[in-house]
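Taken together, the values in this text are just the output of simple stated rules run on the coordinates, not laboratory data. Just so we're clear, the structure is a prediction, and the values are computed from it rather than from any experiment. Backbone-built Cβ (ideal geometry, glycine too); neighbour counts: all protein chains shown.
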Amino acid sequence: MIALVVVLVAAAGFAVHHFWTGRAQPVSVPEVVRSAAPEEAAGSSAAGQEPDTGPSVPAPAGASAAGGTNGAAGASGAGIVVDVSGKVRSPGIHRLPAGSRVADALRAAGGIRPGVDPTGINRARLLTDGEQVVVGVPAAPGGIGSGGSAGSDGTGAGTGAAAAGPIGLNTATAEQLDTLPGVGPVLAQHIIDYRTEHGGFRSVDELREVNGIGDRRFSDLQNLVRP
């Protein structure tokens with residue numbers, strides 16, 4: 001009997017323990033973790049504690065180079081220099097703001113001379129630094145045309161005028177001389193007066209002695225004329 005009582009007590013204790021451990025237990029609500037406010041993040045950055053934003057992504061290889069190029073372009077983009085020649089009132093070198101167009105170059109050169117046909121001149125074209133704008137001079141076949149722009153080396157005007165052959169200084173009329181780049185009616189008359197006074201031109205180099213022709217204008221004309 002004693003043994004049976006002990007077994008029953010043990011079985012009852014095991015049943016109570018099993019019931020107690022298997023009872024329903026309340027579940028606590030998870031704690032909400034609040035994200036740091038912008039002011040706190042700024043404060044931590046100011047204190048030298050940078051938030052972890054994950055692995056850093058390197059910038060593209062061309063980004064810094066592009067930025068440097070744009071910065072250099074902005075620094076050097078203050079203006080451009082163009083050579084306006086041909087039948088304009090003030091041919092020569094003119095400095096213009098970056099982004100100027102052919103119309104701006106013609107305006108800087110005093111405009112096209114009266115009687116010159118402006119057909120074929122693209123006045124809306126953007127200019128580049130170092131180019132030449134030639135007005136009223138015939139271009140060579142396949143060239144840019146009257147009023148167009150020669151290359152940056154400025155050889156377009158000479159090529160266009162040379163298409164018809166060099167002009168004879170001793171036989172040309174004032175109208176023919178007027179077609180040369182940078183030569184207007186006044187300078188054409190000076191050339192005629194010189195050849196009349198000196199009995200004609202013996203060489204192209206004598207053109208330097210004509211009133212109104214300097215070194216730069218002579219360099220533009222020397223390949224376009226002959227004695």
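Can you list residues from other chains, or at least 5 along the same chain, whose modelled amide H is less than 5 Å from the amide H of residue 80?
Long-range HN contacts for residue 80: 96, 98.
Provide the net charge surrounding residue 79, with neighbours chosen by a C-beta distance below 9 Å and charges set as Lys +1, Arg +1, Asp -1, Glu -1.
0
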